[in-house]
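For reference, the structure is listed below as structure tokens.
The values are calculated or read from the model by the stated rules, or taken from the named source; none is laboratory data. Please read all numbers here as calculations on a predicted model, not as lab measurements. Cβ sites come from the backbone with ideal geometry, for glycine too, and all protein chains shown count toward neighbours. The area values use the complete protein model at the heavy-atom level, side chains included, leaving out ligands, DNA and RNA. Shrake-Rupley method; radii C 1.70, N 1.55, O 1.52, S 1.80 Å.
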Amino acid sequence: MFLSPRKLLTLLLLAAAGLAAALRTLPPPALPADAPAQLFSAGRAYQTIRAITSRPRLVGSPAFETARATVLAQMNALGLETQVQDTAIDGVQVENVLGRLPGSASPDAILLSAHLDSVATSPGATDDGSGVAVVLETLRALRAGPPLRNTVIAILTAPEENCCYGAQAFVSAHPWAKDVRLVINVDAGGLDGPSILVATGPQEGWLIGQVAPALPHPVGSSAIEALASPATDYSLLFRKAGWMGFDFSLSWSKRIHSPLDNLADVNTASLQHQGEHMLAVARLFGNLPLDFPPAPRPVYFDLLGLTMLVYPVAWALPLLLLVTLLFAAVLFLGFRRKRLGLPGLAYGAAALLLSLLTVPLLLGLLQLTLFSRPSPHLAAQLTGDSLLSNALRWGSALLALAATWLWVTFIGKWKNVPPLDLAAGTYCLLYLFTAGTSLAFPALSYLFVWPLLAGLIALFARLLPARNPAPAPAWPVFLLELLAGLVVVLLFVPGLLIAVLSIDIQSIYFVPLFVTAWLGFLVLPLEGFLI
């Protein structure tokens with residue numbers, strides 16, 4: 001059986017949008033060691049990782065001393081003023097490596113931050129040897145360009161893995177700390193993937209608005225920041241010290257703190273992405289006054305890695321009001337023209353609710369089975385980037401897709417529910433999510449409000465014909481439904497990739513919820529395939 005032109009167009013465009021969104025979430029290609037001097041080169045940065053990550057780097061160990069000497073030599077070769085902050089806090093030895101590049105007009109400083117130490121069980125090539133290399137290659141690229149107005153301070157903290165004592169020592173005791181106005185931190189919670197903006201400061205509305213168009217290939221959102229809690233020098237120490245900043249992290253392939261975090265597994269594309277982000281932010285604010293006007297953290301999200309869309313949190317309630325009024329208009333029009341009915345809406349909402357509950361319940365039963373007889377071997381298989389861990393990650397997403405399709409199709413055919421009732425019913429439940437996030441968690445609200453707004457516009461247009469509606473909507477209405485599907489795919493596919501590959505296995509329940517909401521928004525544009 002051949003697909004109709006409309007079904008074929010829907011499949012092709014939604015698949016193309018999904019593929020584009022997935023590909024644009026990946027990091028850019030690495031530049032070679034002979035790239036132009038003013039550009040960040042992962043090829044050059046990789047040589048630093050090679051030089052410092054042969055063995056675990058605990059403060060005071062021979063491997064740490066070698067790494068410290070190596071990075072100091074590179075800073076001195078760049079003409080920086082260098083220091084080693086050698087002190088102790090709570091009986092813990094601290095050996096921070098610092099470099100200072102004076103600004104041409106201001107002592108106010110941008111702090112470039114990474115950590116030099118590793119855990120005892122890992123050579124720490126990516127966590128955070130890659131961050132050290134990013135800081136040093138960024139300094140080299142800045143020196144190759146025009147002088148910056150503001151001062152740049154580089155800090156390679158040690159230890160970070162032990163309660164961030166290095167960052168604490170700098171904040172509390174180093175004289176250069178009084179000059180810091182902005183922090184750019186790079187760290188790694190995984191071995192590869194894109195450089196994700198995972199944390200900012202609570203009053204950085206203006207700053208995020210400035211950086212959004214300047215970031216090359218941005219990946220990040222206020223939803224990621226609200227759901228994730230990175231344990232880095234910036235989020236645990238520098239932000240609490242009142243410093244504004246940006247925290248970029250790698251989060252895929254969770255094999256840090258293990259022997260697998262070695263030189264052979266360094267992803268140079270991820271290294272390139274981290275470096276391009278740090279260099280772009282340093283150059284942007286290197287020539288701007290660093291007395292930033294405080295403004296609440298906004299709602300923000302990247303779009304196809306091309307730019308970040310940013311708007312104030314205060315817009316969340318007006319957008320919710322707009323969605324509420326439009327939904328009321330859809331229901332009024334649908335009931336008035338007898339093309340929507342309460343039983344059909346109830347069945348549509350029930351189908352999505354059952355879909356939301358099915359996979360988390362299955363995962364709960366699986367967890368009870370797996371942990372009824374806990375073993376160290378099983379615990380190891382459920383951490384990091386193991387076959388079992390990845391099977392649970394991707395399996396939960398695929399199960400959610402299958403469960404949603406089956407419930408919507410089963411209820412639609414069993415109760416003979418019209419497609420518009422099913423779509424409007426799923427929107428009823430998704431409206432509750434939209435209202436809840438807009439009121440309580442506005443940083444997450446964009447994931448629901450924009451797909452719902454696009455879907456309601458398409459549904460309203462679908463209900464406009466007064467009499468004898470055609471079996472298929474007119475082409476303008478069909479295109480509105482297709483546009484609504486594209487909005488869903490472009491917003492959700494990057495989030496799905498990041499959720500599946502970044503989330504801790506203990507929080508795997510979020511993945512099927514995410515997938516089910518995504519497919520709930522697609523009931524209208526995909527009605528020919530789902531029902």
Task: Unique residue being closer than 30 Å to Leu31 by Cβ and either of a type in the set (Gly, Ala, Ser) or in contact (Cβ under 8 Å) with a residue 24 or more places away in the chain (or both) when the list is Gly305, Gly344, Gly348 - done: Gly305
Task: Qualifying positions in the stretch 233-256 - within 14 Å of Asp128 (Cα to Cα), polar (S, T, N, Q) and at pLDDT below 95 - done: Ser251
TODO: Find the residue count for the stretch 90-125, including only residues that are part of a strand (DSSP E or B), open to solvent by less than 20 Å² (accessible area, probe 1.4 Å), within 18 Å of Pro62 (Cα to Cα) and out of contact with any helix residue (DSSP H, G or I) (no Cβ under 6 Å at 6 or more places or on another chain).
DONE: 1
Open item on the list: Just the residues that are under 19 Å from Met244 (Cα atoms) and open to solvent by 10 Å² or more (accessible area, probe 1.4 Å), please, taken from the stretch 147-172.
Closed with: Arg149, Gln168, Val171, Ser172
- [ ] Determine, yes or no, whether Leu399 is modelled with pLDDT of 90 or more and in contact with a Lys or Arg (Cβ under 7 Å, 6 or more places away or on another chain).
- [x] no
Task: helices (runs of 4 or more DSSP H) completely within the stretch 126-221 that count 2 or more residues being in contact with a helix residue (DSSP H, G or I) (Cβ under 6 Å, 6 or more places away or on another chain) - done: 131-144, 165-173
- [ ] Check Ala461, Ala397, Ala443 and return the single one that is touching an Asp or Glu at 6+ places or on another chain (Cβ under 7 Å) and part of a helix (DSSP H, G or I).
- [x] Ala443
Open item on the list: Yes or no: the stretch 424-440 includes at least one residue that is in contact (Cβ under 8 Å) with a residue 60 or more places away in the chain, over 30 Å from Gly220 (Cα atoms) and in contact with a Leu (Cβ under 8 Å, 6 or more places away or on another chain).
Closed with: yes
- [ ] Tell me which residues, restricted to the stretch 290-305, are more than 18 Å from Gly201 (Cα to Cα) and in a loop (DSSP other than H, G, I, E, B).
- [x] Leu304, Gly305
Task: Enumeration of residues in the stretch 34-47 that are among the polar types (S, T, N, Q) and part of a helix (DSSP H, G or I) - done: Gln47
TODO: Mind listing just one residue for me: the one in the stretch 183-199 that is under 10 Å from the mean Cα position of the chain (by Cα) and not small (Gly, Ala, Ser) and, of those, farthest from Thr268 (Cα to Cα)?
DONE: Val198
Open item on the list: Can you pull out every residue in the stretch 24-36 that is open to solvent by 50 Å² or more (accessible area, probe 1.4 Å) and of a type in the set (A, V, I, L, M, F, W, C)?
Closed with: Leu26, Leu31, Ala33
Task: Which numbered condition Leu304 fails, given (1) modelled with pLDDT under 95; (2) under 21 Å from Ser251 (Cβ atoms); (3) open to solvent by less than 30 Å² (accessible area, probe 1.4 Å) - done: (3)
Task: Residue satisfying all of: in the stretch 315-336; over 35 Å from the mean Cα position of the chain (by Cα) and without any contact (Cβ under 8 Å) to a residue 12 or more places away in the chain; most open to solvent (accessible area, probe 1.4 Å) among these - done: Arg336
- [ ] Quickly run through the stretch 222-261 and pick out the residues that are touching a Lys or Arg at 6+ places or on another chain (Cβ under 9 Å), closer than 29 Å to Pro56 by Cα and part of a loop (DSSP other than H, G, I, E, B).
- [x] Asp261
TODO: Would you be able to tell me the number of residues in the stretch 48-76 that are part of a helix (DSSP H, G or I), open to solvent by 30 Å² or more (accessible area, probe 1.4 Å) and free of Cβ contacts under 8 Å to residues at least 40 places away in the same chain?
DONE: 9
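Residue-by-condition table, conditions (1) within 18 Å of Val515 (Cβ to Cβ); (2) among the β-branched types (Val, Ile, Thr); (3) open to solvent by 80 Å² or more (accessible area, probe 1.4 Å); (4) at pLDDT below 95:
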site	(1), (2), (3), (4)
Lys338	no, no, yes, yes
Val359	yes, yes, no, yes
Leu362	yes, no, yes, yes
Leu370	no, no, no, yes
Pro374	no, no, yes, yes
Thr383	no, yes, no, yes
Task: Those residues of the stretch 491-514 which are surrounded by fewer than 20 Cβ atoms within 10 Å (Cβ to Cβ) and either of a type in the set (S, T, N, Q) or outside any helix (DSSP H, G or I) (or both), in sequence order - done: Asp504, Gln506, Ser507, Tyr509
TODO: Return the total of residues in the stretch 400-434 being under 23 Å from the mean Cα position of the chain (by Cα) and over 16 Å from Leu345 (Cα atoms).
DONE: 4
- [ ] Working only within the stretch 406-418, note down all residues that are surrounded by fewer than 19 Cβ atoms within 10 Å (Cβ to Cβ) and within 17 Å of Leu459 (Cβ to Cβ).
- [x] Pro418
Task: Of all residues in the stretch 428-463 being of a type in the set (Ser, Thr, Tyr) and in contact with a Phe, Trp or Tyr (Cβ under 7 Å, 6 or more places away or on another chain), the one that is surrounded by the fewest Cβ atoms within 10 Å (Cβ to Cβ) - done: Tyr431
Open item on the list: For the stretch 275-290, check the following and say yes or no: at least one residue is open to solvent by 10 Å² or more (accessible area, probe 1.4 Å) and either among the basic types (Lys, Arg) or under 12 Å from Asp127 (Cβ atoms) (or both).
Closed with: yes
